[in-house]
Each structure stands twice: as structure tokens, then as C-alpha cells.
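For reference, the structure is listed below as C-alpha cells.
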Amino acid sequence: MAETETSLVEAVRLALRRALAEDETVLVFGEDVARNGGVFRATEGLFAEFGERRVRDTPLSEALIAGMSVGVAAAGFRPVAEIQFMGFLYPAIDQLANHAGRLRNRTRGRLSCPMVLRAPYGGGVHAPEHHSESFEAMLAQIPGIRVVVPSSPARAYGLLLAAIRDPDPVVFLEPKRIYRALREPVVDDGAALPLDRAFVLREGDDATLVAWGAMVRDCLAAAAALAAEGLSCEVIDLASLSQLDEATLLASVEKTGRCVVVQEAPRHCGFAAEVAARIAERALLSLQAPVARVTGYDTVMPLPKLEHLQLPDAGRIAAAVRETMSYR
Amino acid sequence: MARQPGHSIVARFSIEAVRCIDAAGRAVGPLPGFAADKRELAALYRGMVLTRTFDQKAVALQRTGQLGTYASSLGQEAVAVGLASAMRPEDVLLPSFREHGAQLWRGVAAEELFRYWGGDERGSDFAAARADWPVSIPVASHVPHAVGVAWALQLGGAPRVAVCVLGDAATSKGDFYEALNLAGAWALPVVFLVCNNRWGISVPVERQTAAGTLAQKALAAGIEGIQVDGNDVVAVREVVAGALDKARRGGGATLVEALTYRLGDHTTADDASRYRDSAEVSARWHEEPVARLRAFLTAQGLWSKDEEEALLGECHAAIEAAAEAYRATPPAPPTAIFDSLFATLPAALEAQRREVARRGGD
Ligand SMILES: Cc1ncc(C[n+]2csc(CCOP(=O)(O)OP(=O)(O)O)c2C)c(N)n1
Ligand SMILES: [Mg+2]
């Protein structure tokens with residue numbers, strides 16, 4: 001099977017195309033996804049290949065997109081719907097929390113909801129206001145759904161396929177800042193990656209860096225810089241925020257004794273707090289330093305000229321690691 | 001309105017209202033074909049009496065601490081029974097929380113409904129009507145599900161229809177309009193049955209909207225809206241049957257506004273005397289659907305005192321037996337709170353499930 005240098009957004013498209021081809025019940029829909037191929041082109045070419053029956057433009061209607069996904073999923077299809085930007089996903093939370101995450105339980109398994117809601121998320125692309133949000137923690141608190149965030153083209157491909165094949169609802173958040181920022185070989189072989197599993201991207205002994213989405217890249221950059229200073233960092237991509245792979249997280253922290261959690265969302269009640277709490281509950285005695293968080297500030301996402309202040313970068317991450325190392 | 005040069009009328013609308021039998025039980029015109037068959041009318045009558053018996057028992061169970069908060073459908077039996085009797089088994093019902101009569105008609109057991117309203121996790125499923133949806137406690141957020149189901153039915157190609165029931169207050173919500181809009185744009189096989197019982201808890205429909213009818217809310221979505229006397233089970237069945245037939249033939253969606261009245265409190269947790277006049281309620285008792293059909297049947301010589309007594313006895317016995325079975329249900333295992341959450345419980349939740357299982361003996 002040919003390996004092709006692929007960007008993250010192309011990997012999303014490859015996975016969608018593969019899913020549409022392998023399963024008649026897969027439906028792709030959302031705002032501008034058909035003729036226009038999506039505002040980020042994630043669905044480009046799918047309408048031409050699969051037709052309006054399978055790939056369809058909806059009205060501009062986020063609560064509807066989420067709600068009709070619940071309906072069409074329970075009636076035997078596998079909807080993969082797009083919310084154009086995460087900032088416009090708030091109306092869909094009603095459907096995710098009140099229905100998608102509850103339908104299987106609410107019918108003792110008679111009806112289920114194998115839906116995927118995809119949304120580009122996060123900052124760093126100088127987008128207009130409301131277009132750079134990241135409130136993954138709000139979603140991760142909803143029982144009965146999974147929240148999955150890829151951080152590379154290969155993981156985007158494998159995790160999206162897994163999300164589509166999963167029998168339960170999945171919110172799939174695509175870090176749009178790295179939609180085209182990196183390329184790597186992706187084999188379009190239909191192989192899914194496991195959900196509920198974190199990925200150790202770099203091994204190290206001195207400190208554990210934990211992140212997801214676009215921040216993984218900054219953690220890897222920080223780890224590379226710190227290596228030059230003689231510090232060896234382990235980098236974990238959580239990938240599945242719910243359900244969280246606690247075992248991988250704890251094994252790493254027990255080994256390194258130090259942990260820095262990185263998120264671009266505001267600090268207060270962010271997902272990093274959950275990670276820190278898990279470590280405090282289960283690995284406190286392995287710690288040689290307090291768990292550190294590098295996060296956005298508790299303010300609204302700034303307009304593009306100041307958004308760099310909000311987004312953690314390799315420099316801030318490395319500084320946090322050095323601070324952590326100062327505990328002896 | 002004076003028309004000026006350059007101004008023209010580009011749209012006008014009218015809303016049709018349908019009634020077959022008036023409040024005194026008299027036919028107001030030729031009746032639909034099915035009404036010539038006594039067995040059909042008797043079945044509708046039985047459905048309404050069974051529903052009322054169920055409601056009475058549910059309220060009694062709640063008042064004696066044996067059921068949770070319950071939403072009675074007293075006075076609205078013709079809506080539930082009329083719409084359900086028009087549906088085919090393979091159609092899909094997406095009810096709000098006051099359509100017990102429709103669920104019973106479609107084969108959901110009274111015992112199963114008691115279990116749900118009694119707070120037993122296992123009451124969340126039922127053995128019949130396997131494609132039907134659970135009641136939606138959130139108001140109107142199930143309307144988008146109905147268009148999703150309708151899309152699936154359209155893709156599936158069989159002539160099946162989704163039927164979504166919602167209240168008058170529910171038509172104030174955005175998700176209702178969003179769903180209506182899609183139903184129009186995609187010509188989906190769906191019927192929206194708006195049960196206008198004139199109240200949304202304490203807010204009367206006049207303060208819910210300035211629209212003269214709720215049926216006209218359909219027009220902006222490009223679908224047909226029609227009103228029906230919701231206390232006239234014959235008319236409800238006829239109008240819903242027409243809407244279903246149209247949808248089956250590819251004619252798209254219809255909004256049916258059924259005009260009825262909530263004779264009881266909003267729920268057992270509510271006291272309607274705080275916000276509405278008892279004189280209004282008393283007046284509305286003269287229009288209620290069960291007495292209306294009984295008056296019609298009696299006047300036609302189709303219904304005897306003996307038949308009435310036999311029916312009341314049969315419904316009473318059935319509901320008592322269901323209540324008994326409900327009361328005899330052994331407690332659900334504690335792990336029921338996890339066992340249907342995902343197809344396979346994620347490993348991350350196993351410890352919590354084990355803890356709950358351990359606490360079973362608490
Ligand atoms: C979205 C939402 N808001 C508020 C409530 C609380 N609530 C339950 S029923 C109700 C009134 C509903 O009125 P209507 O739609 O007319 O239905 P009815 O109760 O009359 O059958 C309210 C406010 C709810 N369940 N869901
Ligand atoms: Mg009402």
C-alpha cells in the first residue's frame with residue numbers, strides 16, 4: 001500500500017472517503033460540505049464521488065445538525081456531521097448532553113446513536129472572533145459520548161475511522177491550526193486506531209508532557225529544545241479525552257515523577273485540571289514536583305493580533321518544565 | 001391596506017380547521033369512511049377510556065408515594081388515540097411526555113410506562129413498538145430527531161413516516177423551527193402533531209406567541225399547516241391519516257395543530273389553581289373527548305349501558321393488573337446505571353461500575 005505525504009485535513013478526507021466507500025450507511029452532511037467541500041476542504045470531492053444521497057448540504061442550523069444526527073443514527077445510519085467551527089457547536093451541546101449521550105441508556109440499548117460530530121477547533125490561524133474556540137472540557141464532562149482529538153495526520157485518519165465505526169456517539173475535534181502545518185506518510189489501508197488510548201510520542205525520564213490537539217506539536221518542540229539542555233521529556237498525546245487512558249498517563253508519571261499538562265483552552269476547569277486530579281489521586285507519591293499546567297488565560301479568546309498570548313508555545317512549555325525540575 | 005406603486009402582495013395564507021363531531025356529540029357533516037364501522041369507533045373509545053384509566057391510576061400511585069412526578073393527559077385523550085390510530089405499526093412515534101394514550105395504543109404495556117414514571121431504569125425500554133422513541137422530557141429537542149428519522153425512512157425507501165408530538169409551548173423553541181425548516185427543504189416524510197392544550201405549565205398560549213394559530217408556523221417552512229379539533233378523536237384520526245398518506249406518497253411534511261385542553265395540573269408537582277381560573281376549567285369539561293364520543297355513539301344507538309360498564313370494568317382490571325405487576329417488580333441491580341451507557345463499557349469506567357456493584361448492599 002502506497003504511503004503518501006498527507007496533511008491532517010487530507011487525512012480526514014481520506015478517512016471520510018474510506019468510510020463512505022466501505023459502509024453504505026455512512027452519511028456526511030453539514031454546512032457547505034457538499035458542493036463546496038467544506039470551508040476547510042475536509043469533504044472536498046466527496047459529493048462528486050458519492051452524490052447527494054450520501055453527502056449533503058444542510059441548512060445553517062447547528063442544533064438541527066446535531067439533533068438530526070441523533071435521529072438518523074438511531075434509525076440505522078452512521079452520520080458523520082460537520083459543525084463548521086467549534087465556536088458554533090454550543091447549540092449542539094443540548095443534543096449531545098440531553099440525547100446523544102443518553103439514548104442507548106434511555107432505551108436500555110434498544111436505540112443507539114452511532115454518530116460522529118466533527119468540528120475544526122482551536123486558535124492560531126488568525127481567524128475572526130468566535131472561530132478559535134476550544135471548550136473540549138465542557139464536552140468531555142458529558143456522559144455517554146466520547147471526545148477524541150487527533151494531533152497528526154496518521155492519528156486523524158485512524159481515529160476518525162474508529163470514531164465512525166464506533167457504536168456510540170463521538171465528538172471529533174480537529175485542530176485546524178495543524179490542518180496543513182505538517183505532513184507525514186499516511187497509508188490509506190482502512191486501519192483504525194484504538195479509541196480510549198493515549199499515545200506516547202517520545203520517551204523520556206525526567207518529566208512527562210501531556211497534551212492533545214495542536215499543543216502536542218508544541219510539546220514535541222519543547223521536548224526537543226530541552227533535550228539539548230540534557231533534559232529528557234516524555235510526550236503523551238491523550239487523543240481520547242473521554243474515555244481517558246489513565247494507565248498510560250500514570251505509568252509515565254510514575255516513571256518521571258514530574259508532569260506538565262498543556263492546553264490552549266482557558267485554565268479554570270479545563271481538561272488539564274482533570275489530568276492533574278487523576279495524578280494527584282493515583283500517583284501523588286511518585287511526584288517529585290507539583291503538577292504544572294500551561295494553559296490559556298481565563299479570558300475570552302483574543303482577537304488575532306493578541307491570540308499568541310493566549311496560546312501556549314514551546315517556550316512557555318519548556319519554562320514550565322524547567323520550573324518543575326527545580327524541585328529537588 | 002392601501003397598495004402603493006411598487007408594492008404588491010406576494011403571499012397570503014389561510015389555515016383550514018377540521019371537526020367531525022361537535023362538543024354535544026353531533027356529527028357536523030359527513031363522517032370519514034372508517035366512522036361507519038362501529039368496531040372502529042368502539043376501538044377509539046376504548047383507547048381513550050384506557051388512557052384515562054391509566055392516568056387516574058398513575059396519579060393515584062403518585063399521591064400514595066408509589067410513582068414519581070407524573071404528567072397526566074386528562075382531557076387530551078383524543079389527540080393521543082386519534083394520532084396513534086392513524087399510524088401504521090411500522091411508522092415511528094417520537095412522543096413528548098404526555099402521549100401515554102398513543103404509546104398504549106401502539107402496544108407499550110401500562111406496566112412498562114409505570115416503571116418509567118416510577119423511576120425504574122428498566123422502564124426506559126418497552127417490548128413492543130421497537131422503533132418508537134422514548135418520551136422526550138426536554139421540550140422540543142426531539143423534533144430534530146424526527147426529521148433525522150424521517151430522512152432515514154426516506155433513504156430507506158419504504159413508505160414509512162415519522163410522527164413527532166409536541167406541545168404548544170414547544171413551538172416557541174428554535175429547535176422546533178430548525179426541524180420544521182429541514183422537513184420543508186428536504187420534503188421529509190414526517191408529521192408534526194402540535195398538541196395545543198392551551199397551557200405551557202402556567203403560561204397560556206396567547207402569551208407564548210402572537211401567532212393566531214400554531215398551524216401557521218408551518219407556512220414559513222414551506223409545509224402545510226392544518227388545525228383539527230383535538231377533542232374530536234374522529235377528526236384527529238382523519239386529519240393525521242391524511243397527513244400520513246401524503247407523506248407516504250412523497251408529498252412531504254405536515255404540521256397538524258390539535259386544539260385541546262389540559263384539564264389537569266401540568267404534572268403532579270404542579271397546582272394549576274395558582275394561575276388559572278376554575279371557571280375556565282369547568283367550561284372546558286363540556287368539550288372533553290371521552291364524553292363527546294360516548295354521546296355520539298349513544299345517540300347513534302351504537303353504545304349501550306352494558307357495553308359501557310363492561311368496558312370500564314375491563315380497562316380498570318387491565319390497569320390494576322399492570323399496577324400490581326409494577327409494584328411487584330424486584331429492584332433493579334445497581335449496575336443498571338452503567339450497563340446501557342455504551343455498547344461496551346469503556347475500561348475507564350469499569351472501576352466505577354465495580355464500586356456501584358459493591359455498594360449494592362448499602
Ligand atoms: C427545554 C425545556 N425547557 C423547560 C422545561 C420544563 N417544562 C416542562 S414541560 C413545560 C411546558 C411545556 O408546555 P407545552 O409544550 O405546551 O406542553 P404541555 O406540558 O402543555 O404538554 C416546561 C416549561 C423542559 N422540560 N424542557
Ligand atoms: Mg401545552
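The values are calculated or read from the model by the stated rules, or taken from the named source; none is laboratory data. From a predicted model like this one, the values you see are computed outputs, not experimental measurements. Using ideal geometry, Cβ is built from the backbone for each residue, glycine included, and neighbour counts are taken over all protein chains shown. For accessibility, only protein heavy atoms count, side chains too; no ligands or nucleic acids. Shrake-Rupley method; radii C 1.70, N 1.55, O 1.52, S 1.80 Å.
Values computed for the structure shown
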read-out	value
Positions within the range B:151-194 being open to solvent by 10 Å² or more (accessible area, probe 1.4 Å), more than 13 Å from chain A (Cβ to nearest Cβ), out of contact with any Cys (no Cβ under 6 Å at 6 or more places or on another chain) and within 16 Å of ligand 1 (Cβ to nearest atom), in sequence order	B:Ala169, B:Ser172
Count - residues of the range A:30-66 that are within 14 Å of another protein chain (Cβ to nearest Cβ) and either among the hydroxyl-bearing types (Ser, Thr, Tyr) or buried (at least 22 other Cβ atoms within 10 Å of the Cβ) (or both)	10
Hey, B:Asp125 touching a Ser or Thr at 6+ places or on another chain (Cβ under 9 Å), under 17 Å from A:Leu103 (Cα atoms), more than 16 Å from ligand 1 (Cβ to nearest atom) and within 7 Å of chain A (Cβ to nearest Cβ) or not	yes
Pair list, Cβ < 7 Å and 6+ apart or interchain, from the range A:219-233 residues that are surrounded by fewer than 16 Cβ atoms within 10 Å (Cβ to Cβ) to residues that are of a type in the set (D, E, K, R)	A:Ser232/A:Asp205; A:Ser232/A:Asp206
Selection count, the range B:1-57, where residues are in contact with a Ser or Thr (Cβ under 7 Å, 6 or more places away or on another chain) and among the acidic types (Asp, Glu)	1
Some residue of the range B:2-22 being part of a loop (DSSP other than H, G, I, E, B), of a type outside the set (D, E, K, R) and buried (at least 16 other Cβ atoms within 10 Å of the Cβ)	yes
Condition met for B:Ala247 (surrounded by 24 or more Cβ atoms within 10 Å (Cβ to Cβ) and away from ligand 2 (no atom under 16 Å from the Cβ))	yes
Some residue of the range A:89-111 being away from chain B (no Cβ under 13 Å), aliphatic (A, V, I, L, M) and open to solvent by less than 10 Å² (accessible area, probe 1.4 Å)	yes
Positions within the range A:67-81 being in contact with a Ser or Thr (Cβ under 7 Å, 6 or more places away or on another chain) and more than 9 Å from every other protein chain (Cβ to nearest Cβ), in sequence order	A:Arg78, A:Ala81
Members of the range B:195-224 found to be closer than 24 Å to A:Pro91 by Cβ, small (Gly, Ala, Ser) and either within 14 Å of another protein chain (Cβ to nearest Cβ) or open to solvent by 50 Å² or more (accessible area, probe 1.4 Å) (or both), listed by number	B:Ala220, B:Ala221, B:Gly222
Selected residue (criterion: nearest to the other protein chains (Cβ to nearest Cβ)) from residues of the range B:96-112 that are within 14 Å of the chain's Cα centre (by Cα), assigned to a helix (DSSP H, G or I) and without any contact (Cβ under 8 Å) to a residue 60 or more places away in the chain	B:Gln103
Yes/no for B:Val236 being within 13 Å of ligand 1 (Cβ to nearest atom), open to solvent by less than 50 Å² (accessible area, probe 1.4 Å) and under 17 Å from B:Leu166 (Cβ atoms)	no
